[in-house]
Amino acid sequence: MENNLRPHTDNRKLKTENRKPILPLLLLLALAWGCGPSAPDHIIVFCSPDSPRMRQAIEGLEANLGEPLEVICVPEFGDEGREELRRLRQRRPRLLVALGTPALMRVARGEKNIPVVFALVANPYFTGAAYEPDHPEDHQEYITGLASPPPLTAAWEQGASLLGPAPWGLLYDPNDGVAVEVAARFTQEAPRFGLKPLTEEGTDAASDARGLERLLARGAKVIYLPPVPSAQRYGAGVLKWGREGKVLVVSGHPELPRQGAVLWVALDYRRLGEETAALARRVLQGEAPKKIAIREATPLKVEVDEALLRRWSGYPTPKAK
């Protein structure tokens, strides 16, 4: 699996070494495919950025699609992704699977005659691929996919049931767009579950530390670790507090350690890959993407640290199951 997930620099090396021996093979392939260096039966996964969650989703996609895949993962920023996308479009794949918001943003701005299925995108409505959340059926003609927002509602439901009402604190980086969206939802929606939301900002290690201390000083009994890039900067320290009994920690981050979190609620990325495969099969079987509304998909993994919960049995009092 990992051997297929390679940066474009490896592709360039393969294309420039041993040119003469490769020419006869290219001619044979051109004859087999009809004309030109394209593979019409190919399904290409274009993803950005590479991460453990991305690899889990690709594993689920590959295991359940039953079709050969080529995976091209590019950096989130820079020219490499644009150039790689231009090259792969020239190959005319039968289907393009765009995984990750940066990948979808690049795909949505380009050519519109290759069918595209997307996933691992929290909010497709600002990428250009789709237009209004109230109308998931309204999207670009050749694009359809799965929206997977952070599972905040599930974390609040599980947390309120397990820990009871309490002030919850959230640290977010105002320069991290996903974190800003999470903070807005956190402030607006948490009270519905009997939780008091407290937020602070942090933009580097020093301001993160100050922000976390302010949350504790303001009375936060629970710190929520959101599934956003900037949380990796301060997550290890918060989980250390959880192990030391300084604060309750509820984590939604799929890649941070779980030790120290009394409750962990995260997306199941392998299952999300499996759901993406099911959608891809519909398109491969002839269903037009324009007729498939964008659907929200948030398969979950939930774990409770029973030992840590028992240590906190004095406050807050866990509710009976």
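The values are calculated or read from the model by the stated rules, or taken from the named source; none is laboratory data. Owing to the predicted nature of the structure, the values given are computational and were not obtained by experimental measurement. No Cβ is skipped: glycine too gets one built from the backbone with ideal geometry, and neighbour counts run over all protein chains shown.
Just a few scattered comments:
- Qualifying position, being outside the structural domain of Ile292 (by TED's automatic domain parsing), more than 30 Å from Ser313 (Cβ to Cβ) and among the hydrophobic types (A, V, I, L, M, F, W, C), among Ala179, Ala129: Ala179
- Qualifying residue in segment 61-77 (condition: at pLDDT below 50 and surrounded by fewer than 18 Cβ atoms within 10 Å (Cβ to Cβ)): no
- Within segment 232-243, residues that are within 21 Å of Ser51 (Cβ to Cβ) and aliphatic (A, V, I, L, M) sit with their Cβ atoms under 8 Å from residues that are assigned to a helix (DSSP H, G or I) and modelled with pLDDT of 95 or more, at 6+ positions apart or across chains, in these pairs: Val238/Leu212.
- Against the test of being in contact with an Asp or Glu (Cβ under 9 Å, 6 or more places away or on another chain), buried (at least 16 other Cβ atoms within 10 Å of the Cβ) and basic (Lys, Arg), the options Arg210, Arg214, Arg218 yield a single qualifying residue, Arg214.
- With respect to being touching a Pro at 6+ places or on another chain (Cβ under 7 Å) and not aromatic (Phe, Trp, Tyr), Thr298 fits the description.
- Summed over segment 305-321, residues that are at pLDDT 90 or above and either surrounded by 13 or more Cβ atoms within 10 Å (Cβ to Cβ) or in a loop (DSSP other than H, G, I, E, B) (or both) total 3.
- Residues of segment 159-177 satisfying the condition of being touching a residue at least 24 places away in the same chain (Cβ under 8 Å) and more than 13 Å from Val222 (Cα to Cα): Ser161, Tyr172, Asp173, Pro174, Asn175, Asp176
- Residue list for segment 112-148, restricted to those being of a type outside the set (A, V, I, L, M, F, W, C), within 30 Å of Leu195 (Cβ to Cβ) and crowded, with 18+ Cβ neighbours inside 10 Å: Pro124, Tyr125, Pro136, Ser148
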